[in-house]
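Below: the structure, in structure tokens.
The values are calculated or read from the model by the stated rules, or taken from the named source; none is laboratory data. This one's a predicted model, so the numbers in the text were calculated from it and none came from an experiment. Here Cβ is always computed from backbone atoms with ideal geometry, including for glycine, and neighbour counts include all displayed protein chains.
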């Protein structure tokens, strides 16, 4: 099943259809000129209000991201000193434009990681991963998380989640070189990702191993990786040197 077809399936089952809007027209020639002037004025006024609202929304989103990032940085620093981390609120699961649903799905997967079964099948040109669980609620979070992340990769929309690895940044930088196939299993989901670029294949396989480590050990795997690599949990901006190297032609 291709990613597009899979997402269409998810939309039909879960997301529903959005509403529409309409605009009426005025055909009275006698009042047309004055009406158009008034409509133009109102349109500009409402457009200005919408633009202003959008600007404030973007600023609010950025402010929330920075606040969560700072809290996570404080938690990481304190955790390194005391040997413990915030395993309840998990502020590091937030990204620059992540939704509440995305964060909640991630939290469910980390909290219940011991209920996940995950296998990796390396391919000559990529990777096949199978992630499953017997828990129906967790399975729903798993499928939603996978579908949303694959959609982001397909669109090149890096969420800059604070704990994400530099390997994932690499994959977002070369998203147009990745081919994805999805298959639903009785207990979860299987994903095949391939590429004609050897460097991308290596990154796909590295990231699959990182995810398997998180499925096995939860946040312990994340914190260990961040300590060893010197990451600070800021999510945005780390790994740009790696992104540049990924863009070089394969050897």
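Some values worked out for this structure:
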quantity	calculated
Residue match in the range 140-147 (condition: closer than 17 Å to residue 222 by Cβ and touching a helix residue (DSSP H, G or I) at 6+ places or on another chain (Cβ under 6 Å))	yes
Odd one out for residue 92, checked against (1) outside any loop (DSSP other than H, G, I, E, B); (2) under 11 Å from residue 188 (Cβ atoms)	(2)
Test: residue in the range 192-208 that is under 15 Å from the mean Cα position of the chain (by Cα) and crowded, with 17+ Cβ neighbours inside 10 Å	yes
Residue in the range 140-157 that is assigned to a loop (DSSP other than H, G, I, E, B), surrounded by fewer than 21 Cβ atoms within 10 Å (Cβ to Cβ) and at pLDDT 95 or above present	yes
Test: residue in the range 199-220 that is over 24 Å from residue 125 (Cβ atoms) and without any contact (Cβ under 8 Å) to a residue 40 or more places away in the chain	yes
Index of the failed condition, residue 164 passing every other in (1) part of a helix (DSSP H, G or I); (2) modelled with pLDDT under 95	(1)
Enumeration of residues in the range 158-185 that are surrounded by fewer than 19 Cβ atoms within 10 Å (Cβ to Cβ) and out of contact with any helix residue (DSSP H, G or I) (no Cβ under 8 Å at 6 or more places or on another chain)	176, 179, 183, 185
